[in-house]
Structures are given as C-alpha cells and as structure tokens.
Amino acid sequence: MLKILAAACALAVAATATATAQTYPTKPIALMVPFAAGGPTDTVARSLAQMMGKHLGQTVIVENVPGAGGTIAPTKLKNANPDGYTLLIAHIGMSTAPSLYRTLPFKPLEDFEHIGQVVDVPMTFVAKASLPPSDFKGLVAYVQANKDKVTLANAGLGAASHLCGLLFMSAIGADLTTVPYKGTAPAMNDLLGGQVDLMCDQTTNTTSYIKSGKVKAYAVTSKQRVESLKELPPASEAGLPGFEVSVWHGVYAPKGTPKPVIDRLTAALQASIAEPEFVKRMLDLGSNVVSKDKATPEGLRTHLKAEIDKWTPIIKKAGIYAD
Ligand code: ASP
C-alpha cells in the first residue's frame, strides 16, 4: 500500500513538473541585482533581462536590492519561493564573500540553484580628473606618499571594488581611508564630483567616463590589454606583478526550483548571450560573454567552486575582512 502511495506521489510530482515546464513562465520574473541602479552589475542585468525576456516570452524586471557589499540580495534569494519567478544576477562577490565575511547568511555552492555564467569583465583603476599622477607607476608612488589623505571608494564592503582595493593596498603597502557606497553608480558620482580620489571598478561602468575624460584612468586588472581601452596597461605590467582581478557574473535561482524551470532558464540564458546585439553591447563595455558551456548550471557551479578555492587563501593570507 505504502509503495503504491509513494509511486502515485512520484507520478504526481513528475506531472506537476512537466506542467510547470510547459506553462512557465506565466507572469513577470524578477531579476535581483545586489547593487544600486546605474552600476556595472545593473548594466549587465538590464541588457540580459531584455534578452531573456524576449526568449522566455515574459517580462524580466530588474530589482535592485543593494547593501552589505552585495550580500543582502543573495540572502533574500535564499528565502524566496523556488518557483522560477525570483532570480539573482551576482558577480565574483559570491566567491569572495565566504572568506571576506566572518559570518555569512548563505552558502553560495549549497543554498542556490545555479543557472549559468554570463560575462567576464576586467576592472580599471580610475581617479578623479584632478588627481596629479599621469601613469600607474606615478599613481602608486603618489598613493604611497599621500596615504593619509588619499581616499578609495568602493561599492560596499565585500564588493568587487572593495576586493580590488584591498588587494591594491596590500600590494603597495598603504592603508587608505576607504569610502563604501551601495554600488558603483553612487561611488562614481562622488568620484566625478571629486569628493573621493580613487576607485577600482568594472569597465562596464568606467569605459564611458574614461573615454569622455571625466575620470583619469591608469590601468586594467586583466592580464592582457582590453580591446576597447587599448591605451591602458595591465597593472601586472605597470608595477604590480601578478596583480589580476577578473569579475564574472552568474545567474542563480532559489534552491529547489524545479529542474524543468532551470532548464528553460538555462536555454533562455544561452540564447541571450548568443544574440549579436548583446555580444556587441558587452564588448563595447570591455566585457566578454562566456562560451556556451559556461552558461550552464555545471559551468557556473564549477567556476564558483574554483573561484572560492582561488580567493580563500589569497584573502586569508592578506588578512582582509569585510566586517
Ligand atoms: N562594481 C561593483 C562592485 O564593486 C558593483 C556594482 O555596482 O555593480 O562590486
């Protein structure tokens, strides 16, 4: 009797999953962004939402949930309904938060369904237009000589800009005053206004300001030069050997989201990043869409694990913490 009941239950679950897959999505989907509107993650999210909406036949609405260096949104995702209507796009912070935060309310590898990677983005060292140094070596010397007065902006404790800033300070042996914001957009506003001096942030947001000369740019954090910012040397070649930070983005769903829904989302993600318009938009911002095999649950999980394993010893060795 019990066996018959279990079999009936399994059948019912399978039937519901199939029905969900056939009808999903029937209403708009929320895509949470852990930082303020107008910043790099938000820019990637808005382009992706438009493309995924097209391929899913539903509106994908970007919802900014900033705060705590990008850790509030994943915490909210952990507690969201696993029905495919609440998603999250997050960056490298998912792999650095476990070692940067002494207490973190979520486990990036275990508490979510992983949908796939989206883009890889280098970072840039940018400063207010009036900062005196004219090249990266000069910047390092200037910061070392003026460490009591140079201010370093970031998008919150635990954000990628915070991580880049911490690695920079540790590499040049200068402890600067850091100024945290709720995202790159408000940080950039203050850099443009000259209220803060320096920031390390994604090309997604800095490229247009660099090109228009509204900020001074010194170096990129990738190993190679960036096609759209060819004039900038990699920091590793301009005085900080081995310095490299690459920001990657992934899409997540709450744990327990039905497999057919994850499959549908993965297919929509893959179709989106193959759209020439999306590829070009990202390239113009110095970002590269990932290959198809990385835009998969396995691709994201594997990369997330590799990044956690890579960053944990570096962060521990540098003795840096977000809280
Ligand atoms: N670029 C930011 C960071 O430093 C986040 C953002 O606003 O997208 O993590």
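The values are calculated or read from the model by the stated rules, or taken from the named source; none is laboratory data. Owing to the predicted nature of the structure, the values given are computational and were not obtained by experimental measurement. Cβ coordinates were reconstructed from backbone atoms using ideal geometry, including for glycine residues, and neighbour counts include every protein chain displayed. Only protein heavy atoms, including side chains, enter the accessible area calculation; ligands, DNA and RNA are left aside. Shrake-Rupley method; radii C 1.70, N 1.55, O 1.52, S 1.80 Å.
List of remarks:
- Linear extension gain, K223 paired with S291, 0.36 nm per residue minus alpha-carbon span: 22.6 nm
- Pairwise label distance in nanometres, I61 with L283, each label 7 Å out on the Cα-Cβ vector: 3.5
- Relative to the current alpha-carbon distance between E244 and T302, full extension at 0.36 nm per residue lengthens the span by 18.9 nm.
- Across the accessible surface of the range 246-288, with the other protein chains kept in place and a 1.4 Å probe, carbon and sulfur atoms take up 63 percent.
- Principal-axis tilt of helix 2-23 within the chain, Cα atoms, nearest 10 degrees: 60
- Solvent-accessible area, 1.4 Å probe, carbon plus sulfur percent, for the range 103-209: 49
- Among beta bridges that DSSP assigns inside the chain, antiparallel share in %, nearest 5: 60
- Where labels lie 7 Å past Cα in the beta-carbon direction, separation of K211 and N79 in nm: 4.2
- Between D135 and R102, the FRET efficiency from the beta-carbon distance, with R0 = 22 Å, is close to 0.05.
- Cβ-placed point charges (K, R +1; D, E -1), dipole of the range 174-262 about Cα centre in debye, nearest 20: 420
- Solvent exposure of the range 100-206 as accessible area per residue, Å², 1.4 Å probe: 34
- Ordered from longest to shortest, the equivalent ellipsoid semi-axes for the range 139-282 are 32, 18, 15 Å, each the square root of 5 times a Cα gyration tensor eigenvalue.
- The range 94-129 and the range 180-258: distance between their alpha carbon centers, rounded to Å: 14
- Distance between the modelled labels on K27 and E110, one decimal in nanometres: 3.2 nm (7 Å Cα→Cβ projection).
- With helices as the sole contributors, the chain gives -14000 deg cm²/dmol at 222 nm; each DSSP H run of n ≥ 4 counts as -39500 (n - 2.57), and the sum is divided by every residue.
- Kirkwood hydrodynamic radius over Cα pairs of the chain, then Stokes diffusion coefficient at 10 °C and 1.306 mPa s, in µm²/s: 78
- Over the chain, Cα pairs under 8 Å with separation of 6+ residues give a relative contact order of 28 percent.
- Beta bridges per DSSP with both ends in the range 52-207, % antiparallel, nearest 5: 45
- Per the Cα gyration tensor, the range 217-274 maps to an equivalent ellipsoid with semi-axes of 37, 14, 7 Å, ordered largest to smallest.
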